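First up is the structure itself, then whatever we jot down about it.
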Amino acid sequence: MNLIFILSMGVVCAAERTYEVPDGGCTVSLPEQYAVTVVERPTDSNDELGVQVAQLSISDPVNKSMTMHVMVESSKLTKELPDLNYRPGGVMKDYFAENLQNSGWQEPVVSGELQNGKMYFIKFSSYIADSVGQKYDGQIYATLKNGNLIYLMIMSKERALTADEKTFLETTVKNLQFKDTVLVNTNAQNK
């Protein structure tokens, strides 16, 4: 019994690393055992909207059927949208559902919301199929901050997500730290 307690404490006390989310204005802390890669797609010179996409891609070397992404997308259009620092209504839920469908997610269903500080995240359940027909079960949290669409998503290949994987995603969303910029009035300083 003591051995089980000691082993479980080791899991709870696992070391974490903090990562800067590219272009997201936030950081995320993840357990050390995960492999984290930064992926940035340059803006296409023919893209009139100037869409930019960057992400942290997170994988578990032990559980190869699970991947997680913290994705940031922005464009000229998103720069004009307000922060999601209010309880989201149907319009925002529909907006994110449409964006997810345009990215290949099938039948995204709103399954809740989560508040992190002043920011609200809309929770979706969905699935995606890749070009070779493999199906991925997925759960996604989405928000909008400083003109950036921010998605935290977890996927499992060819099986349903486990309760632990869903909890890991929710914990990651709760631990996301936004950097609030402090604006200084330079005119007041120069007087």
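Overview of values
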item	result
Count - residues of segment 132-169 that are touching a strand residue (DSSP E or B) at 6+ places or on another chain (Cβ under 7 Å), surrounded by fewer than 16 Cβ atoms within 10 Å (Cβ to Cβ) and either of a type outside the set (Lys, Arg) or under 25 Å from Lys76 (Cβ atoms) (or both)	3
Residues being among the hydrophobic types (A, V, I, L, M, F, W, C) and outside any strand (DSSP E or B) - total across segment 51-70	2
Only listed residue being part of a strand (DSSP E or B), over 17 Å from the mean Cα position of the chain (by Cα) and not basic (Lys, Arg), chosen from Glu73, Glu113, Glu48, Glu107	Glu107
Residue in segment 122-130 that is within 20 Å of Thr27 (Cα to Cα) and surrounded by 12 or more Cβ atoms within 10 Å (Cβ to Cβ) present	yes
Lone qualifier among Lys157, Lys174 - being under 21 Å from Val28 (Cα atoms) and of a type in the set (D, E, K, R)	Lys174
Single unsatisfied condition, Thr172 versus (1) of a type outside the set (Lys, Arg); (2) open to solvent by 50 Å² or more (accessible area, probe 1.4 Å); (3) touching a strand residue (DSSP E or B) at 6+ places or on another chain (Cβ under 8 Å); (4) closer than 13 Å to Met68 by Cβ	(2)
Segment 16-45, residues that are in a loop (DSSP other than H, G, I, E, B), open to solvent by less than 50 Å² (accessible area, probe 1.4 Å) and small (Gly, Ala, Ser)	Gly24, Gly25
Evaluation of Glu73 against (1) within 24 Å of Ala129 (Cα to Cα); (2) open to solvent by 70 Å² or more (accessible area, probe 1.4 Å); (3) among the charged types (D, E, K, R) (one fails), failing number	(2)
Asn146 vs. criteria touching a residue at least 40 places away in the same chain (Cβ under 8 Å), polar (S, T, N, Q) and over 19 Å from Gly25 (Cα atoms)	no
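The values are calculated or read from the model by the stated rules, or taken from the named source; none is laboratory data. All values reported here derive from a predicted model rather than from experimental measurement. Glycine also receives a Cβ, built like all others from the backbone with ideal geometry; neighbour counts cover every protein chain displayed. Remember, those area values only see protein heavy atoms, side chains included, never the ligands or the DNA or RNA. Shrake-Rupley method; radii C 1.70, N 1.55, O 1.52, S 1.80 Å.
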